[in-house]
Every structure is written in structure tokens, then in C-alpha cells.
Amino acid sequence: MRAAALPLALLFPLAAPIGAAACRGAPDVEVVPMPVADKTPPWIAPGSPPPAIASYEIQATLDVDSHQLRGRETLTWVNSGADPAKELQFHLYMNAFKNEDSVFWRESRGKMRGAKAARGGWGWIEVNAIAVDGGPDATGRMKYPGPDETVMEIPLDTPVPPGGTAKVTILFEVQLPEVYARTGYKGDFHMIGQWFPKIGVRVGEPGSQRWHCEPFHLMSEFFADFGNYDVTLTVPDTHVVAATGVLVEARDNQDDTRVLHYKAEGVHDFVWMADPFMEVIKANAHTPHGPVDVWVYSRPEQSEFAERHLAAAVAAVEGFSKMVYPYPWARMTVIDPPPDAADGAGGMEYPTLVTTASDSVFTPEGVWLPEFVTVHEVGHNWFQGILASNEVDEAWLDEGMNDYADGVLMDKIYGEETSLIEWGPIRAGLGASRVAMSGTFREMPDPIAQRSFEFNDYRSYGGVTYAKTAAAMATLQHAVGDEKFLAALHAYGMEMGFKHPTEADLVRILERELGQKLDWFVRPALHGTGAADLRVRDISCRLKRASRGVFGRGGHRKVVDAEPAPDAPYHCEVVVANVGTVPVPVEVELVLEDGRRLSKRWNDRGEGPRWRRFEVDDPQPVVEVVIDPRNRVRLDDGGLHRSLRVHPETEAVDRAAAHGQFLTQTAMQVLGL
Amino acid sequence: MKKWGASEDEDSVPAVVGDQPTIEIDANDSAVTEMEAEPSGPKGKAFQPDRTRPAPTLPPLTFDGSISSASGSLAARPSLFTLARAGARALRRFPGLCGSIYLLQLGVSLAAASLMGLLLTEAFARRPLFDRAMDGDLPALLTSFAGRPDLLGALLMVAGGALVLYWLVSLFLTGGLLAVLLDPPDRRREVARWFGAGGAANFFPLLRLALWSILPYAAVVIAFGLGARDLGTRLERAVSTGDLVVPLLIAVGPPLLLHWICATAVDYARVDLVRHPGMSGLRALMRGFHLLVARPLVLFHTALYGLFFAGVTVGYAAISGSLAEGLLVAILLRQIVSIVRFLAHVGLLAGQVELACSAVPAPFRRRFG
């Protein structure tokens, strides 16, 4: 018995941590301290915010038990177009999560970026009353012109003339879904985005203007006009709240609820978060308009990552303010969702508030993934928040341009070859890693410049809109010169801030600033599929000598059969080719036997043949050729073929084989004697 | 009838004078089978080991004439220290044999490495990008293999083939080594012949045992499958080391525990098979499991080896990243690690032989004899 009990006793030490984990429930919820109102106004840039086209005054109450909201919204909309508006169209984004018939559900099958919809975790929004300019309730006249209930239209008795204003009052209620696509709840955590009826945007040429109010697609994000937001939230006094803009007032009610009043100016969206366990840490970022408060919210168990996110956010606000446009708002808020909500709610951007992700035991210091996510999401505040291109029609102008720009910033902060990983012997640069992991561009069936919901699938959308666009911009930067390109990017930001630029605006400004036409690159890179495909085709060297053969005629005919002189130099020919669809100027490095490196340039802009021959006469032969030795041409599928040696060298191969030998021998010792 | 008695072996303990214990053994007892003498080889005595001889380092069984003693009460119980000492003794006694087995192991792994080297040379020897990959540039490594998508599969097949081959060869090596440890030959120069004959004689019994051990190991696989169901999600959400430990313990703990038990039982079943030719693999396996209950010390002994193996491996992995050694130094260090692990394994086997040569527990014999 004693002997038999011993193995059982061995299990006991395991029981303690397992039992503790099983018994660990949520910590007790307590009343959180009253937040202090901000002293700074929401807009700190000189001058006024952009003209307010769509301004909202919202009062909303959150029921954290049923995860429902009740809201009252007053929208002041200005018809900034040239045609009268005979109806108003609104986004009701939350209805994307109402049932399996929605466009979003049918396209996503309930999954997005690794998160899955919970069974029964539906969400919806219902307009209970709507009145225009003080008129009667018009809910009976509401229509849903799209394929689902995410677009609502209300016809107007009196069209809104150009320059005119419509004041719309809406009573609505919202059921938050269990979060898997940006908005919703998970346990006690509430991330509340796309939550109120949001008016569309008038687009088009005068005489044919229409509403840009697309259904909520899987592969599209959001497009809205700028305006001012005045939002009052009523939440339990046990919950910490973070929101767009600044807090102007906070007070407690008698019924254990708290009222928080926020204001934001010059933004096109308003989101907020409520959670009982969040803590906040703060720092200042220094921008041309003065200090910006940077706040990071996280749960206590993620405090170590909160410090990292804070440092990255400060660097991003300062970096992008110099690179693109000075940050005009008083606050940048970063939400670090709890791990079980990170897949659904993490990694998303809104004006002045972003959610980050990648907190993991597998991303210690030196694996800069959490920092990258924060820099990326904060960076969106420039391309989505300030420039605010139409993300539905030209997603790459936000996602891809941001991906490119945050790569530049990450390289500056963490080093070009270590901007993603610098851990032990492993190093990885962000740009090169993105290209290495995204697969070959020629296998992506969609061009960059395409409406977001017309992509083949999410994989193509992600690969093309993010990685391929970033690679294209990095390649163009290399082609025209780093400093010139970054200066042109800054000019684009300063000129087009708050103006919803399009591809045409970007190209126009780049061409003007760079002083050259870019059609040779823009057409194939942005509007075609594929990429460059640079390869070393041939290296050949021979000793120089006089030509052999028969020379002369008649009596002067002679046979020449010369040998190379003892000190004859080598005549080498190197042929490189671009068998892809995108031309790109590129540096070619010829390595000689004595170690010297000769740099050549192939200024390929699409004119002429798809290959180039270099000839070199030198006492030493060429032994190695490397195309793009500094790895700046990212929009390229050449990969392994971008470099070639004449003679095999086995040092690296021997090291790899030695690793293989040790791993195999270890496995042999585990399995056998 | 066969009598226990003193062996003529140089390491044997002299017989007790005076009251000679005599135990009658049923000649039909299949646990003890007399082997026919092998025809003599070119030199030396025939391979006919006396597997009933008790462990050389243990005192002989005592018998007081009572029935309980006749059923074979457990006499000297070796301690963990005794088992470890037996391992060290075996290493000192058979250095040439250990060295030869290790060289064979090294040879198989080098052959695999050579094949891998050929494949890698053909793919990358003329590609400077791979040099950067081996210097730690991760994107260069990914790009290199992306350019040769078939290569990784080929390398894994080479490694897999070497593993399968060595596993089969291990059956021979283990049988031979156990035969030498159980019944060391009289003369050193007969060790090789003893080893070879023991390996050949026990190859198929050990192979059959390996097939029977699929049954208990299936339980290990099922335990892992059940424990690892949500492991991916939990690992994804692990923010700190503490978050990692509990899910890993739940997923890996029970199967590791079961593996520990199964591996120990199989080890002792092997000793039993070599010690008792003709025994079925299933019976030997069951006897192995029974021994774990009767002598839980064996689990600690095996655990000691497992922890040592893991510790040496992890220790090397931890320091190797910071060592800026050249290729030759790295190979040398790795071989030191491998030799240390191998010698520990041989020591484990020797300790298992030492314990197995103490009395077999009687209840099992009554039930299954």
C-alpha cells in the first residue's frame, strides 16, 4: 500500500497549481476613483479644426450586465456638396453582427483575424425614433436599401440644399456582440466602436453626387466626414472609461452610476472602452504644437507591456508628427485589451484612440511585436485620422501607406536590421520580414489600387493592401532617394491633412515634389499584379587576350593564336534580369576575388530590355554578384536568385549541417540507446 | 532441479559456508529456462549466459526454511546510490564497448548530416543570401527556404530515416549491452562476441516488446490529446511565465507522467527479456509494470536520468546562444554534451540490471507463474 501510494503522492505537487488556476475567478469589482477632467482643449493645433460636416451630440447609458446601450443622438450635418440631398443615409454598422444573413457574416463566416464569433453572441442596433429638423418621428419611413440592415435611408420632405444643414435626432439601442471584429464585450471588458447611427459621405461630381454609404464588408473599414463630438456616457461607477477626445466633466449619480462628458474636435469617429480592472499610465509626447498626453490603459497583469506600449506610442506621436503632420489633438489613448479579447478588439485605430495587441510571454523585450502594433495603430491617426482617405475605396492609402511609414519609424527607433527582432543570435528587420512572410507577390491575384471589398479573399486583401503597398513605397523611396521621398511625403501630409486625399492627390504631390513623372512605377506597381523579379542570370570571366583567328586578305592573311599575357586582366560579363512586371532602378554589386566590391547601377524604368549586361576588366575576376545589396528593393520576388557565386562556398552549409547533426543525434538519444 | 550456488565468476560473492540454502525450483517454471548450449565458436566458450546469477554487488539471498521465504522474500533492496554506483562501475568496466556503441551512434548521425550537407550544398552553396541566414538574419533564412520549398521536406526525411534506422539498431545494441551487463564474460576479449551474440539473440524479443509497448504508449498519446485540446488558445493568451506554466502542466504533465511510468516499465521488461529467454514480450511488460508498484525506487532512478538528460540539453542550449564559438569548437562542445548524455543512459541501464538481479517479487510469481 505504501509503495502503491508513492506514485499517487507524486501527483500532489501538480494538484496545487492546477487547483489554484481552476479556482481563480475575476477579482472583486470596486468603485474606481473619479477621473479628473482634462484641462487642455481637445484641439491644440493653431487655428480651428477642419470644417465640421458631421457633428454629433450623444448621450448613452451602458448596462454592463446585458451589454446593451441606450442612446440619444443629435446629428448636425452640413451638405458640403454641390447637389441637394433628397435623403439621408446612415451606417448601422452593429447590424453586421445581427444574423448570418448580413454581408459581413456571409463574407467572414463568423471569423476575423484569428477571432471567432461566439455562438449566440449576436449584436445589433435599432433605431427607435428618428426626426429631422424637429419634424415628426420618421421610423415608419426608414428603408434599408442595401443587401442587409447595415445601411439605413430616410427620405427627406425637404432636400438639404448645398451648404444647408440638417439636424437629426435619433433614439437608438444597441446590443453589443461578444467581440470578434473590433467591437463588443468579453467578460467585463467592453470595447464600443461603430456603435451609433453614423451618416454617410456625399461624393461624386456636381450634378451626380450620391451617398457613399456601403454595407459593412469584411474587407473594408470606415469613411466619414470630420466633425465635432460631444458625448456623455453613463456607466457604473465601478468601471474605468477611456474615450476619444478629452474628458471635460465627471460626476457621480445616486444610483452607483457615473456620468462622463467627453469632447473631441476635428475627428470622424468616436469610440470608447469600459472595464472595471484597467489601470492607466501616462507620459508626454513633444510635438510642434506642444505636449500631447499619451495614456495607456491595461489590466494589472499586463503592466509590463503597458510600459512598452507607452514608450512606443510616445515615439510614434513624435515621429509621425515630424514625418507627416504635427499631431493636432491633446490626447493619444492606447487601450491594451485583456488577452482573451485581444484577438477581437486588439489592433484597431480610431481618431485619438487605438487598441494595441501582441502582449505575450513569447514577445519578450527584443521581440518588438507589441511595439510595432502600437506604432502601427498610432500611425493610423495620420493616414486614417488626419488624411482620412476613403478606406472603403482606397484602403491602401491608409493601411499600406501607414505600414510603410511605421516601418520607416521602427527602423529609426530599433535599427533597420533589428526593427522586429533582436533576441539572442536572431535578428530581423521589419520591412524584410514582412516581405519574407507575405509570400510571393506574383501569387497575389489583386492589384493594390482596388476597392477593398473586391479583393479575392482576406489573405489577398491583407497581403496586397498592407505588405505589398509598404514594399512598393519603400521601393519607390529607394528609387528616387530617401531624403527626397520623405520630404515629398511630408509635403503630402501638410497639404492634404483633413482633405480625404485620393491616389491622384498622392501621385500629383509626389511628382511635383520629386520633379519627375512616376507613371513608369505607379501603373505597374499599384494597378497591376506581380512585382519585380530580379535575378542574376550569368557570370563569366576570361583572361583578356588578342582575338584568335584568321586576319587579313590575300597576301596579308595571317593566323593569330594568341595566349593571354602573364599579367593579362580578366574580362568579366555579368547579366542581371528583371523577369517581373514592375521595373525598378537597382544597384548591382560585383565582388572581385580579392574582396573588392564594385557598385553598378541599372536604372530600369521600364524602357528597354528586361535585362542588363555589365562588363568589367580587372586584374581580379568577379566571383560574386549581389543585386540590391542593402535590400532596399522590397517589391521583388527574386529572393534567393538575387545573388550568385561563381564557386560554391560551404562554410554556411557546413554550419547548417552541423546543426542538423546535433539535432538528429539528440533525437536518436531520446528514442534509442 | 537446479541449485543456487556460488558462481565461478571473478566478481561473484563466495558462497556462504555452513548451512547451504537450497531452494527447489520447479523445472516447468517458464521463468527459468535452460538454454541449449550454442555450438562453440572459433574460440572461447559458447555464448550460454547464466542469467539466474544474482547481481554481483548484492549479498546472497537468505533462507530460513519458512514458507514465506520459500516464496522468495525480497532480500537486499538496492538504494538509489547503489544503482548509480552500479552505473559508474559498468562504465569503468566496459569503456571499449561504450565507446564503440557511441561511435556507431555518431556515425549514423554524421551520415545523416552528410546527406543533409549535400542537399544544402546543392541548394545554397552558391547563394550568398544563405550566409546571412546562418549569421542569424531571420528574413534571409525564410527567403532562402521559400526559394527551395522542397528542401525542408527532404532534410526532414533524411533525419527521419536516420532516426528509424538507429531505433532499429538500438534494439540490437540494447540487447547486446544488457547481455554483457547481466552476465559479464570471463575475459575482456570476449566482450565483443558476448555483445554481438546477445544483441542477435535478443533483437526480435525486444522488437516484439516494442510492438506490445504501443498499447501503454497509446494511453500517453490519448492523455496528451485530451490535455492539449485548448493548449493553443491558452498559450496564445499567456502574458507571463505563470500563465504558461499551468496550461503546459495540464497538457504535458499527465502524458509525461505516463511516459515516465511506461518507459521505466519497458526498460525493466527489456532486462527481463534478456534475462529470461523465451519469455513473451507481453509477460515481460506486465512484470515491468508490476515492478514499478513493488519497487517505486525504479521510477526515481529513471527520473534522475531524465532530469539529467534534460538539464544538460537545456543548459547547453541556454549558453550556446551567447557563445561566439567557431564551427569546430561548437561541434566539440556538442559532442561532449552527447557523450555525457549517452554515458548517463548506459549508467541507467547498468543500474536497472543491478536492481533486476535482486529477487523477483513472489506474489507476481504465484499469480502468473
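Readers should treat all values here as calculations from the given coordinates under stated rules, not as data from a laboratory. Please read these numbers as outputs of a predicted model, since none were measured by experiment. Neighbour counts are summed over all protein chains in view; Cβ atoms, including those assigned to glycine, are modelled from backbone coordinates with ideal geometry.
Worth pointing out:
- Debye intensity ratio in log₁₀ form over the Cα atoms of segment A:334-435, taken at each q of 0.13, 0.18 Å⁻¹: -0.48, -0.88
- Principal axis extents of the Cα atoms in segment A:145-280, from largest to smallest and rounded to whole angstrom, are 53, 31, 25.
- Between A:Ser547 and A:Arg630, the modelled labels are 4.1 nm apart [label points 7 Å from Cα along Cα→Cβ].
- Zone residues, segment A:441-467, relative to A:Thr502, backbone N less than 11 Å from point 7 Å out along Cα-to-Cβ: none
- Taking only Cα atoms of segment B:241-345, radius of gyration then Dmax in Å: 18.3, 54
- Along its three principal directions, the equivalent ellipsoid of segment A:318-357 from the Cα gyration tensor extends over semi-axes of 25, 10, 7 Å, largest first.
- Cβ-based charge dipole, the protein assembly as shown, positive-most Cα from B:Leu177, A:Val586, A:Ala479: B:Leu177
- Shielding score for B:233-245, defined as the mean number of other chain Cβ atoms within 10 Å: 5
- Neighbour net charge for A:Thr158 - beta-carbon separation under 12 angstrom, K R +1, D E -1: -2
- Since only A:Val78, A:Gly110, A:Thr139 are under comparison, the one whose Cα sits farthest along the positive direction of the charge dipole of segment A:62-146, derived from C-beta charges on Lys, Arg, Asp and Glu, is A:Gly110.
- Of the residues B:Ile222, A:Ile125, the one with the fewest other Cβ atoms within 10 Å heads the list, and the complete ranking is B:Ile222, A:Ile125.
- Rounded, prolate or oblate (a/c below 1.5 giving rounded, otherwise prolate when a/b exceeds b/c) for segment A:228-331 by Cα gyration tensor: oblate
- With Rh defined as the Kirkwood radius, the inverse of the mean 1/r over Cα pairs, the Rg/Rh of segment B:180-288 is 1.22.
- Inter-probe distance in nm under a simple model that places probes 7 Å from Cα toward Cβ, at B:Arg188 and A:Glu495: 9.1
- Ordered from longest to shortest, the equivalent ellipsoid semi-axes for the protein assembly as shown are 69, 45, 22 Å, each the square root of 5 times a Cα gyration tensor eigenvalue.
- Considering only beta bridges that DSSP places wholly inside the protein assembly as shown, some 90 percent are antiparallel.
- Helical mean residue ellipticity (222 nm; -39500 (n - 2.57) per DSSP H run of 4+; nearest 500) of chain A: -8000 deg cm²/dmol
- Listed peptides A:647-655, A:87-95 appear in the order A:87-95, A:647-655 once ranked by packing, highest mean of other Cβ atoms within 10 Å at the front.
- Per-residue Cβ neighbour counts within 10 Å put A:Glu377, A:Glu607, A:Glu443 in the sequence A:Glu607, A:Glu443, A:Glu377, beginning with the fewest.
- For peptides A:180-193, A:60-73, B:302-315, B:278-291, sequence by mean Cβ density within 10 Å, most packed first: A:180-193, B:278-291, A:60-73, B:302-315
- For segment B:120-220, the normalised intensity computed at q = 0.15, 0.17 Å⁻¹ comes to -0.74, -0.80 (log10 of I(q)/I(0), Debye sum over alpha carbons, equal scatterers, no solvent).
- Taking the fewest neighbouring Cβ atoms within 10 Å as the starting point, the ordered list for A:Phe362, B:Phe124 is A:Phe362, B:Phe124.
- Förster radius 35 Å - calculated FRET efficiency between A:Asn99 and A:Asp256 (Cβ-Cβ, nearest 0.05): 0.50
- Highest mean first, the peptides A:169-179, A:617-627, A:543-553 sorted by other C-beta atoms within 10 Å per residue fall in the order A:169-179, A:617-627, A:543-553.
- Under the span-like rule (Cα at least 27 Å along the axis, Kyte-Doolittle mean at least -1.0), DSSP H helices of chain A: A:2-23, A:303-323, A:651-671
- A cut-off under 12 angstrom between Cβ atoms defines the neighbours of A:Val314, and their net charge, with Lys, Arg +1 and Asp, Glu -1, is -2.
- Using a simple spin-label model with pseudo-atoms 7 Å out from Cα toward Cβ, A:Ser303 and B:Leu328 lie 5.3 nm apart.
- The local environment of A:Tyr492, defined by Cβ-Cβ distances under 12 Å, has a net charge of -2 under the rule Lys, Arg +1 and Asp, Glu -1.
- The Cα-based radius of gyration and maximum Cα-Cα distance (Dmax) for segment A:447-526 are 13.2, 37 Å.
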